[in-house]
Structure formats: structure tokens, C-alpha cells
1. Inspect segment 27-34 for any residue being crowded, with 17+ Cβ neighbours inside 10 Å, touching a residue at least 24 places away in the same chain (Cβ under 8 Å) and either in contact with a Ser or Thr (Cβ under 6 Å, 6 or more places away or on another chain) or not basic (Lys, Arg) (or both) and give the result as yes or no.
2. Among the numbered criteria (1) crowded, with 17+ Cβ neighbours inside 10 Å; (2) under 23 Å from LEU19 (Cβ atoms); (3) in contact with a helix residue (DSSP H, G or I) (Cβ under 9 Å, 6 or more places away or on another chain), which one does PHE97 miss?
3. Could you go through segment 104-119 and let me know if any residue there is outside any strand (DSSP E or B), on the phi > 0 side of the Ramachandran plot and at pLDDT below 90.
4. Give segment 100-127 a look and list any residue that's open to solvent by less than 50 Å² (accessible area, probe 1.4 Å) and among the β-branched types (Val, Ile, Thr), or say none.
5. In segment 42-53, which residues are buried (at least 17 other Cβ atoms within 10 Å of the Cβ) and more than 8 Å from the chain's Cα centre (by Cα)?
6. Restricting attention to segment 68-89, does a residue exist that is part of a helix (DSSP H, G or I), touching a helix residue (DSSP H, G or I) at 6+ places or on another chain (Cβ under 8 Å) and closer than 23 Å to GLY8 by Cα?
7. May I ask you to list the residues in segment 7-26 that are open to solvent by less than 50 Å² (accessible area, probe 1.4 Å), more than 18 Å from ARG84 (Cβ to Cβ) and not aliphatic (A, V, I, L, M)?
Amino acid sequence: SKIFKILGKFMHPLEIEELRRRSEFPKRENQLACYISGIWATKEAIYKSLSSNVKTGQLPPAQAVYTKLFYKTNDLDGKPLIKRITSSTEDRDYRDFTREYIDGSEFLISISHDGNYLISFVCHIKNS
């Protein structure tokens, strides 16, 4: 469907699979909108955190960062997490980028929902 084509521009297949799972038994009226907007806000925050540290011309296109390098998930307690996609087919085009800017680092995330508003804050920490 058209909506999944649009979602595929910023969501990883694992996130789309989770959206489909959540759509089967929504717990509240705006659950799917919150899920999609949380993914979008998180991907934007990841991209912004990278763009502040990456040399000009070395940052991959936003869509690649959104769909080929990272995905958002939650731990068993519901805490949001950012996972790096480590499949060699997913990130082979960006191997040098990931070696220089991603390996040895972690991304911490905070998402806040307030009615119709949502904010996602991502902190990219380079471990020494």
C-alpha cells in the first residue's frame, strides 16, 4: 500500500513489522500515530546528532541513516533503544563511515509524549 511505501523511506523493515504487529490490537486511539512519530523523531535526532560530529561530505544521505544504519526498538521494560544495523548487506556502502563515526559509540535516547506533541532527544557518545 502507499502508506507502507512512504513509511519505508524512514523506517527499517523491523520497525514496519512492529507497526503491523501493533496495528492488529491497538491499545489506544493514537497508538499507531505515536509509534510512527516516535520513529520519525528518533531518526531525525540520530541524523542531527551525527551531523554535528561528521566532517562535511561524509554524512550518508538521511534515508540511508534512517533505513540502513539504525532502527528504534524498546527493551522489555518499554525503554526506547537505538540499535545499529550490523548486517553486512545493509551497511556495506557505509563501512568507512561506520568505522570512523559509529563503531565504539552508543546512542542514548529520550522520548517524551504530551498529548499531540512528541520530542526525541538523542545523545551520541563516543566511547574511549
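The values are calculated or read from the model by the stated rules, or taken from the named source; none is laboratory data. Fair warning: this is a prediction, and the values are worked out from it, not measured in the lab. Every residue, glycine as well, gets a Cβ built from its backbone with ideal geometry; the counts of neighbours run over all protein chains shown. What goes into the accessible areas is simple: the full protein's heavy atoms, side chains included, and nothing from ligands, DNA or RNA. Shrake-Rupley method; radii C 1.70, N 1.55, O 1.52, S 1.80 Å.
1. Restricting attention to segment 27-34, the residues satisfying the condition of being crowded, with 17+ Cβ neighbours inside 10 Å are none.
Within segment 27-34 (the criterion being crowded, with 17+ Cβ neighbours inside 10 Å, touching a residue at least 24 places away in the same chain (Cβ under 8 Å) and either in contact with a Ser or Thr (Cβ under 6 Å, 6 or more places away or on another chain) or not basic (Lys, Arg) (or both)), the answer is no, since none of the residues qualifies.
2. Of the numbered conditions (1) crowded, with 17+ Cβ neighbours inside 10 Å; (2) under 23 Å from LEU19 (Cβ atoms); (3) in contact with a helix residue (DSSP H, G or I) (Cβ under 9 Å, 6 or more places away or on another chain), the odd one out for PHE97 is (2).
3. First pass over segment 104-119, keeping only residues outside any strand (DSSP E or B): 104, 115-116.
Within this subset, residues satisfying the condition of being on the phi > 0 side of the Ramachandran plot are 104, 115.
Applying the additional criterion that residues be at pLDDT below 90 yields 115.
Yes.
4. Across segment 100-127, the qualifying residues are ILE102, ILE109, ILE111, VAL122.
5. Of all residues in segment 42-53, those buried (at least 17 other Cβ atoms within 10 Å of the Cβ) come to 42-43, 45-47, 49-50.
ALA45, TYR47, SER49, LEU50 - these are the residues of segment 42-53 that are buried (at least 17 other Cβ atoms within 10 Å of the Cβ) and more than 8 Å from the chain's Cα centre (by Cα).
6. Looking only at segment 68-89, we keep the residues that are part of a helix (DSSP H, G or I), and these are 68-69, 88-89.
Now restrict to residues that are touching a helix residue (DSSP H, G or I) at 6+ places or on another chain (Cβ under 8 Å): 68-69.
Within this subset, residues satisfying the condition of being closer than 23 Å to GLY8 by Cα are 68-69.
Yes, some residue in segment 68-89 is part of a helix (DSSP H, G or I), touching a helix residue (DSSP H, G or I) at 6+ places or on another chain (Cβ under 8 Å) and closer than 23 Å to GLY8 by Cα.
7. The one that is open to solvent by less than 50 Å² (accessible area, probe 1.4 Å), more than 18 Å from ARG84 (Cβ to Cβ) and not aliphatic (A, V, I, L, M): GLY8.
Residues checked against (1) touching a residue at least 60 places away in the same chain (Cβ under 8 Å); (2) over 23 Å from ARG21 (Cα atoms):
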site	(1), (2)
SER37	yes, no
ALA45	yes, yes
LEU59	no, yes
ALA64	no, yes
LEU76	no, no
ASP93	no, yes
